[in-house]
Amino acid sequence: MRFLCLIYTNVDVDGRLNKSEMNHLIGEHFVFDNGLRQHGTLIASDALALRDKSIVIRPDGDTFSVTDGPFVETKEHMAGFYLIEAPDLESAADIAKRIPSARYGAVEIRPVRTLTLSGDLAENS
């Protein structure tokens with residue numbers, strides 16, 4: 001099954017880590033990525049731009065409203081993701097616990113479902 005691991009970090013991380021610490025964290029991610037890739041578990045991973053570089057669109061009648069940055073009032077923001085292959089949710093959680101940035105916030109693990117032509121949702125296997 002495929003699982004999406006959404007990484008949320010505390011906004012303070014962006015200003016709390018000095019350049020050396022941030023480079024070390026990025027290096028840890030590269031090592032972690034390579035390990036998952038060698039094991040055949042990694043499908044995709046990436047970091048996201050800081051939230052001040054993003055917008056949110058929402059339906060507003062027949063148009064859409066556009067606002068700056070997601071969830072400005074929250075203390076955490078989505079910082080990146082891993083799309084992984086794992087036999088079950090427990091195995092996905094074991095992998096997510098090793099994500100280097102997990103120690104600075106939270107990781108939400110969501111099973112990926114596939115839409116079928118009949119409109120049904122099926123878990124991806």
* Determine the relative contact order of region 2-123: mean sequence separation of Cα pairs under 8 Å and six or more apart, normalised by residue count, in whole percent. => 44
* Label H39 and N23 with points 7 Å out from Cα along Cα→Cβ: what is the distance between them in nm? -> 2.8
* To do: Would you mind counting up the charge near K97? Only other residues with Cβ under 15 Å from its Cβ, with Lys and Arg at +1 and Asp and Glu at -1.
  => -3
* Rg [Å, one decimal], Dmax [Å, integer] - region 2-123, C-alpha atoms -> 16.6, 52
* Asked: How large is the charge dipole for region 2-123, taken about the Cα centre, if only the Cβ atoms of Lys, Arg (+1) and Asp, Glu (-1) carry charge, to the nearest 20 debye?
  -> 300
* Could you give the nm distance between label points at M78 and A49, where each point is 7 Å from its Cα heading toward the beta carbon? -> 1.5
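No value in this document is a laboratory result; all are computed from the given coordinates. Here the structure is a predicted model, which means the values were calculated and not measured. Virtual Cβ from ideal backbone geometry, glycine too; neighbours counted across all protein chains shown.
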